[in-house]
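Working notes, structure below.
The values are calculated or read from the model by the stated rules, or taken from the named source; none is laboratory data. Here the structure is a predicted model, which means the values were calculated and not measured. In this analysis, Cβ positions are derived from the backbone assuming ideal geometry, glycine residues included, and neighbour counts consider all displayed protein chains.
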Amino acid sequence: MNFWVIRLGDGGEYAETCKSKGYAAVGWNELGDLTWLKNASETEGFEKLRKLYEKKWGKEASHVGIGTSQVYRFIREIRKDDIVSSPTAKRTILIGTITSDYYHEKKKDNCYYRQRRKVRWIREVLRDNMSEPLRNSLGGHITVYKLRGHDQEIEALIKGKEFARPVSRKYREKEKEEHITGPPINFRGLVYAPINEQGVIFLFSKVNEDLNIQIESIQQGFPDAIGKVKTDRGYAKRTIEFEYKSSNYDHLPERCDILICWEHDWPDCPQDIEVIELQKVIETLSRQQLTEKTT
């Protein structure tokens, strides 16, 4: 089960209609009926959708990549029983469960948006009853994105319970404080987690062979590195960017093949970019290492 945010119009203008009729809806009406995408292969489906998007709105790279990814997510990546949260125009959030595959609505009603999914709306929650981190995560301007790191709070809200967020006290920094580290990881000689891009590059050097990536060159400017990755047919060339957080990426999406980061926090990352989140990689490798020691 995944958690998603779907914005029901600018400022939640269609939220009341969607709530009363039991669906979630997004725009991009100009793309027409996209039912064909449900049965297309992942690669061919995305590329066909991208070309259709370019035909309708031109080839402006950032606009096409972000828009195509959102439509693709709504149709293909959101599954039945996934949880959806949708801001309204009343400072509330609708929370519900996806109950159908994508469908294209041909009949006109009070909602202009034609691309839809059936939803069993469970609860409407005041924004003021949510934690500040959750409110911030729900405040994005993207129409469709995955909601990360708030599973327990959303589940509590669905049940009508208060969510007691664990205390995580932070202390103010001292003037000219220099010795700042990430949390302990004790992984292959690296005591603390990275806190910047340089730390990500260093950590990657510890796991590149586990990831079947060979580096040919590292340089200043874009791309950060050129590498070879292992495929079924052999090693293939890839452009690689390093970022501390994936959302720090600020280049044209189609020029980057692999984005290597410590934390993947970019909800609308284009489908074309393969993201490697190192904190999850080392969690997996550490578990494997522990298993090997105990067997």
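A compact table of results
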{"item": "Region 173-188, residues that are of a type in the set (K, R) and either surrounded by 11 or more Cβ atoms within 10 Å (Cβ to Cβ) or at negative phi (or both)", "result": "K174, R188"}
{"item": "Complete set of residues in region 219-235 that are surrounded by 12 or more Cβ atoms within 10 Å (Cβ to Cβ) and not in a loop (DSSP other than H, G, I, E, B)", "result": "A225, I226, G227, K228, V229, K230, Y235"}
{"item": "Region 49-84, subset free of Cβ contacts under 8 Å to residues at least 40 places away in the same chain and in a loop (DSSP other than H, G, I, E, B), residue nearest to the chain's Cα centre (by Cα)", "result": "K80"}
{"item": "Among the residues listed as I201, I154, I195, the single one being under 30 Å from D101 (Cβ atoms), surrounded by 11 or more Cβ atoms within 10 Å (Cβ to Cβ) and touching a residue at least 40 places away in the same chain (Cβ under 8 Å)", "result": "I154"}
{"item": "Test: residue in region 85-95 that is part of a helix (DSSP H, G or I), buried (at least 20 other Cβ atoms within 10 Å of the Cβ) and assigned by TED's automatic domain parsing to the domain that holds R120", "result": "no"}
{"item": "Output for region 96-124, where each listed residue is surrounded by 19 or more Cβ atoms within 10 Å (Cβ to Cβ) and closer than 16 Å to F3 by Cα", "result": "G96, I98, R117, V119, W121"}
{"item": "Filter pass, S137 being closer than 28 Å to K245 by Cβ, more than 14 Å from the chain's Cα centre (by Cα) and small (G, A, S)", "result": "no"}
{"item": "Y171 being among the aromatic types (F, W, Y) and either closer than 23 Å to A25 by Cα or in contact with a Lys or Arg (Cβ under 6 Å, 6 or more places away or on another chain) (or both)", "result": "no"}
{"item": "Residues located in region 112-133, provided they are farther than 24 Å from G22 by Cβ and in a helix (DSSP H, G or I)", "result": "D128, E132, P133"}
{"item": "Enumeration of residues in region 96-111 that are in a loop (DSSP other than H, G, I, E, B) and not basic (K, R)", "result": "E105, D109, N110, C111"}
{"item": "Selected residue (criterion: surrounded by the fewest Cβ atoms within 10 Å (Cβ to Cβ)) from residues of region 260-274 that are within 8 Å of the chain's Cα centre (by Cα) and charged (D, E, K, R)", "result": "D265"}
{"item": "Any hit, region 244-258, residues being small (G, A, S), at pLDDT below 90, surrounded by fewer than 19 Cβ atoms within 10 Å (Cβ to Cβ) and within 16 Å of the chain's Cα centre (by Cα)", "result": "yes"}
{"item": "From E209, E216, E277, residue being surrounded by 14 or more Cβ atoms within 10 Å (Cβ to Cβ) and either in the same structural domain as T143 (by TED's automatic domain parsing) or of a type outside the set (S, T, Y) (or both)", "result": "E277"}
{"item": "Matching entry among D265, D210 (being out of contact with any strand residue (DSSP E or B) (no Cβ under 9 Å at 6 or more places or on another chain) and either in contact (Cβ under 8 Å) with a residue 40 or more places away in the chain or farther than 28 Å from K146 by Cα (or both))", "result": "D210"}
{"item": "Scope region 101-135; condition under 27 Å from L34 (Cβ atoms), without any contact (Cβ under 8 Å) to a residue 60 or more places away in the chain and touching a Lys or Arg at 6+ places or on another chain (Cβ under 6 Å); matching residues", "result": "none"}
{"item": "Flag for L203 being in contact with a strand residue (DSSP E or B) (Cβ under 7 Å, 6 or more places away or on another chain), in a loop (DSSP other than H, G, I, E, B), of a type in the set (A, V, I, L, M) and assigned by TED's automatic domain parsing to the domain that holds E274", "result": "no"}
